[in-house]
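Presented below is the structure to which this report refers.
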Amino acid sequence: MNITNDILYIGVVDNKLDLFEGQYKIPNGISYNSYLIIDDKIALMDTVEINYKDEWIDKLESSLKGRSIDYLIIHHMEPDHSSNIIEIVNKYPNITLVASKQAFIMMNNFFDYEFNNKIIVKEGDSLSLGKHKLVFISASMVHWPEVIMSYDSYDKVLFSADAFGTFGVNINSWNDEARRYYFGIVGKYGEQVKALLMKIKDLNINYICSLHGPILNKNIQNYLTLYNKWSNYECEDDGVTIAYTSMYGNTRQAALLLKEKLHQEGIKKVSIYDLIRDDIFEAVSSAFRYSTLILATTTYNGDIFPTMKHFIQYLSDRNYQKRNIGFIENGSWAPIANKRMKELFSDLKNIHYLNINVRILSSLNDISIKQIEMLKEEILNERRR
Ligand code: FEO
């Protein structure tokens, strides 16, 4: 598939993998993107995941139409993109590998192989292919430390490594799939993403070619704006995420009651997640999307229900901040879940805790229903501030 006259897409789709990086559910699959720039010299931009070698090599060979490859540009060493490097070097022995210094160290670690033809590039270095000239941009920690991006000034293409990538294939909502992907893999590294955005802000970009998901060629500013928001940990929407665990359905009932009350007040942007049964990383993504997070769980073994603990850890690992957080606890004796949940957030900055803490003693009663009403009122007041 041609992206421009000289740039071809030769990526593959993985519909077999259940968990990306061993943890993220990908019910709509994922693509491993790879590109070719055909010029006086030919550059191959990254390889694909090892299981898709044959399909990818077929695409590569038919696109080359008998020519050879001069350069393999390695933007990122994570195996979903790098695991066919040896295959390519064996197939095209005169090829020159182009990557960051740290990427070459990783190559030795992954493959225990000494590459002869290599060019180490760093921020600002360039490589001429003919008409096309690639300028390299260091993007450390977006997503690994060795990452580089490249910008082709001829067709105004940013080869962005994992950045601006998404889970899924033929996706309905770029925002949803890209957000889940972003906060899954680089949520912790907001500062590094901000640094990258500063570097690319003056580039004239017609296409963003990421290593996953669609090629972006319209409304480029929209994607940059979202990345700016995400890297600054700002919410996208004034909405509410309710995340709960429930052992016998009573905590669930409280969570649903709060959702219903918010809906009755006209608040439509409310997402609710059963952290055991739903995709917990969808819940993480929603928590970063909306301005308010309500957590509801049970007291369990003198602590809180383990899955809620994991959920808070996932948020904490990703520098969760700049949100309102409220708590609902359930306990048949000695309830302490609200206190414990708040303690688990104690290392995080810029969190505003709602004043109303709901306490359920086994099941909802008039007192706890009244507390949920008050919590709803406080959420509404926060929205009006
Ligand atoms: Fe798609 Fe960080 O690899």
Query raised in the report: Among the residues of segment 67-85 satisfying the criterion of being surrounded by 17 or more Cβ atoms within 10 Å (Cβ to Cβ) and part of a helix (DSSP H, G or I), which is farthest from the ligand (Cβ to nearest atom)?
Result: 85
Query raised in the report: Of everything in segment 279-296 that's in contact (Cβ under 8 Å) with a residue 60 or more places away in the chain and not aliphatic (A, V, I, L, M), which residue is farthest from residue 354 (Cα to Cα)?
Result: 279
Report task. Considering every residue within segment 357-374, establish whether at least one is closer than 27 Å to residue 184 by Cα, of a type in the set (A, V, I, L, M, F, W, C) and touching a residue at least 12 places away in the same chain (Cβ under 8 Å). Result -> no
Query raised in the report: Quick one: residue 103 ticks every box in (1) farther than 25 Å from residue 220 by Cβ; (2) within 16 Å of the ligand (Cβ to nearest atom); (3) in a loop (DSSP other than H, G, I, E, B); (4) small (Gly, Ala, Ser) bar one, so which box is it?
Result: (3)
Query raised in the report: Is it the case that some residue within segment 26-42 is over 18 Å from residue 3 (Cβ atoms), more than 16 Å from the ligand (Cβ to nearest atom) and crowded, with 22+ Cβ neighbours inside 10 Å?
Result: no
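Conditions tested, residue by residue: (1) surrounded by fewer than 20 Cβ atoms within 10 Å (Cβ to Cβ); (2) touching a residue at least 60 places away in the same chain (Cβ under 8 Å); (3) under 17 Å from residue 298 (Cα atoms).
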{"residue": "237", "(1), (2), (3)": "yes, no, no"}
{"residue": "242", "(1), (2), (3)": "no, no, yes"}
{"residue": "249", "(1), (2), (3)": "yes, no, yes"}
{"residue": "252", "(1), (2), (3)": "yes, no, yes"}
{"residue": "257", "(1), (2), (3)": "yes, yes, yes"}
{"residue": "266", "(1), (2), (3)": "yes, no, no"}
{"residue": "269", "(1), (2), (3)": "yes, no, no"}
{"residue": "274", "(1), (2), (3)": "yes, no, yes"}
{"residue": "277", "(1), (2), (3)": "yes, no, yes"}
Report summary line: Reported set for segment 109-148 where residues are assigned to a loop (DSSP other than H, G, I, E, B), away from the ligand (no atom under 16 Å from the Cβ), surrounded by 13 or more Cβ atoms within 10 Å (Cβ to Cβ) and at pLDDT 95 or above is 117, 121, 123, 125, 129, 130, 131, 132
Query raised in the report: under 23 Å from residue 186 (Cα atoms) and either in contact (Cβ under 8 Å) with a residue 40 or more places away in the chain or out of contact with any Asp or Glu (no Cβ under 9 Å at 6 or more places or on another chain) (or both): does that describe residue 311?
Result: yes
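The values are calculated or read from the model by the stated rules, or taken from the named source; none is laboratory data. It should be emphasised that the depicted structure is a prediction, and the values quoted were computed from it without experimental measurement. Note: ideal-geometry Cβ built from the backbone for every residue, glycine included; neighbour counts use all protein chains shown.
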